[in-house]
1. Any chance segment 82-104 includes a residue that's crowded, with 19+ Cβ neighbours inside 10 Å, hydroxyl-bearing (Ser, Thr, Tyr), in the same structural domain as Thr53 (by TED's automatic domain parsing) and in contact (Cβ under 8 Å) with a residue 60 or more places away in the chain?
2. Collect the residues in segment 117-147 that are modelled with pLDDT of 95 or more and of a type in the set (Asp, Glu), keeping them in residue-number order.
3. Can you list residue pairs whose Cβ atoms sit under 8 Å apart, with the first residue in segment 144-156 being assigned by TED's automatic domain parsing to the domain that holds Ala69 and closer than 13 Å to Asn70 by Cα and the second being among the hydroxyl-bearing types (Ser, Thr, Tyr) and exposed (fewer than 15 other Cβ atoms within 10 Å of the Cβ)? Count only pairs 6 or more apart in sequence or on different chains.
4. For segment 118-138, enumerate the residues that are surrounded by fewer than 22 Cβ atoms within 10 Å (Cβ to Cβ) and either under 14 Å from Val99 (Cα atoms) or touching a residue at least 24 places away in the same chain (Cβ under 8 Å) (or both).
5. Identify all residues within segment 51-70 that are under 17 Å from Lys81 (Cα atoms) and touching a helix residue (DSSP H, G or I) at 6+ places or on another chain (Cβ under 6 Å); write none if there are none.
Amino acid sequence: MKKRTYFLAIMIMMVALIALAGCGAKKEEAAEAEVVLPTLVTLVNDTTEVALTEKDFADMKFELEVTEANLRKDALFAGIKLSDLMTKAGAEDCTTIKVIAKDKMTVEINAADALNYPIYIANSQDGEKIPAGEGGPVKMIFPYNQYPDLEELYKPSQWSWYVVTVEFVK
């Protein structure tokens, strides 16, 4: 009887150890799977918010060579068109897009203009992250080179630096 009790106790301990070891592995796997990328920009549509990460910028990438209006510097800017952000936020029916910078500067874009022109927010210039001193990590781009009439609608002073929020208004 004692041998049987010892055997059962040892078996129970072994099963418990195996279960604990398995749980630890799953926790490590879960921790690895839960890599959270930092939010670069938040999209706001009514009460819904969508966080944009670098992965979103890579997945929705749009590139265009543009002369930066304030720095007078040519660069290949990569980012996401405002029209694509309207779709991502479920805001196809909005009338105005507010692009808000970290310092609360707000630029209002007519939604129809965002559909007619490739106005976009960029997180990359010439394949590198946009430096803070040049408006990064995210800034709004008006492609004047390809669409000169855009400069009549949106002046160089409306290029928004350090964009943190894009809000869609009906």
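The values are calculated or read from the model by the stated rules, or taken from the named source; none is laboratory data. Please read all numbers here as calculations on a predicted model, not as lab measurements. We place every Cβ from the backbone using ideal geometry, glycine too, and count neighbours over all the protein chains shown.
1. No.
2. If the condition is that a residue be modelled with pLDDT of 95 or more and of a type in the set (Asp, Glu), then Asp126, Glu128 are the ones that fit.
3. As it stands, the answer is Tyr144/Thr67, since those pairs meet every condition given.
4. Taking segment 118-138 and keeping what is surrounded by fewer than 22 Cβ atoms within 10 Å (Cβ to Cβ), we get 118, 124, 126-129, 131-134, 136-137.
Matches in segment 118-138: Pro118, Ser124, Asp126, Gly127, Ala132, Glu134, Gly136, Pro137.
5. Met60
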